[in-house]
1. Any idea which of R203, R186, R169 is in contact with a Leu (Cβ under 6 Å, 6 or more places away or on another chain) and among the charged types (D, E, K, R)?
2. From the set of residues in region 40-93 that are among the charged types (D, E, K, R) and over 17 Å from C136 (Cβ atoms), which is surrounded by the most Cβ atoms within 10 Å (Cβ to Cβ)?
3. Which ones in region 120-171 are in contact (Cβ under 8 Å) with a residue 60 or more places away in the chain, under 26 Å from E53 (Cβ atoms) and in a helix (DSSP H, G or I)?
4. State the number of residues belonging to region 83-98 that are charged (D, E, K, R) and part of a strand (DSSP E or B).
5. Hey, does region 112-126 have a residue that's in contact with a Lys or Arg (Cβ under 8 Å, 6 or more places away or on another chain), at pLDDT below 95 and surrounded by fewer than 13 Cβ atoms within 10 Å (Cβ to Cβ)?
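The values are calculated or read from the model by the stated rules, or taken from the named source; none is laboratory data. Everything numeric in this text was worked out from a predicted model, so none of it was measured. Neighbour counts are summed over all protein chains in view; Cβ atoms, including those assigned to glycine, are modelled from backbone coordinates with ideal geometry.
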Amino acid sequence: MKQIPILEVGGVLISTAILTEYFCCDLDQCRGACCIEGDAGAPVTLDEVGEIEASLDAAWPYMSATAQSIVDRQGVAYTDPEGELVTSIVGGKDCVFTCYNYPPDAIPALPEGCCLCALEKACREGRSRFMKPISCALYPIREKHFGGGLIGLNLHHWDVCEPAYRRGREQKMLVYQYLREPLIRRFGADWYAELEETAEALRREEGGL
């Protein structure tokens, strides 16, 4: 397996794949599969659990009856077998906040049969201030925590996202460019500016991408 180089940007370890690979979500193809595939919920922090709980009344009408029952019983999050705090799930896979109840004039406009996030729907409608867990907003970047507060960012490849990698190549949209807003939300504008400088230096070093 090819070893992916690692760079350090503002105290954060970065897989160079984040700077060199292309990605742009293609909901027409995937229908939001990342919300309903897998065997655990989305990673969340304790602070995010508090924000989700504060936003729950706003998101509640867009959640399924089964999801509501699960949240009533075990809360909005649980600890998975690996010891990570994640959002509660339905049927062993669907996030409890999976939402199909989007009108045709929704913003963003979604293809028929596409799912998104009930938390995001409530936020976009101005009914709450919390958009979604940062782990969801950053995907396909995954954050890993090491000892001493060190943070690493890796690029996750999942077959359901292959259309997004293909669309990114077509549009020449790099991962870090597509995820500009959530990266700024997580690490700040100054950090993102340093990331851009690092990406540009890498392009010059490699003769352009």
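1. Values: R186 fails: in contact with a Leu (Cβ under 6 Å, 6 or more places away or on another chain); R169 fails: in contact with a Leu (Cβ under 6 Å, 6 or more places away or on another chain).
Only one candidate passes the filter, namely R203.
2. In the first step, residues of region 40-93 are kept if they are among the charged types (D, E, K, R); the result is 47-48, 51, 53, 57, 72-73, 80, 82, 84, 93.
From the residues that got through so far, the ones that are over 17 Å from C136 (Cβ atoms) too are 57, 72-73, 82.
On the way: D57: 11, D72: 8, R73: 8, E82: 7.
Looking at residues that are among the charged types (D, E, K, R) and over 17 Å from C136 (Cβ atoms), I get D57.
3. K121, A122, C123, I134, S135, C136
4. Going through region 83-98, the residues charged (D, E, K, R) turn out to be 84, 93-94.
With part of a strand (DSSP E or B) added as a condition, the list becomes 94.
Final tally of qualifying residues: 1.
5. Of all residues in region 112-126, those in contact with a Lys or Arg (Cβ under 8 Å, 6 or more places away or on another chain) come to 113-115, 117, 119-120, 123.
Restricting the remaining residues to those that are at pLDDT below 95 gives 113-115, 117, 119-120, 123.
Okay, now just the ones that are also surrounded by fewer than 13 Cβ atoms within 10 Å (Cβ to Cβ), so 113.
Scanning region 112-126, I find at least one residue that is in contact with a Lys or Arg (Cβ under 8 Å, 6 or more places away or on another chain), at pLDDT below 95 and surrounded by fewer than 13 Cβ atoms within 10 Å (Cβ to Cβ), so the answer is yes.
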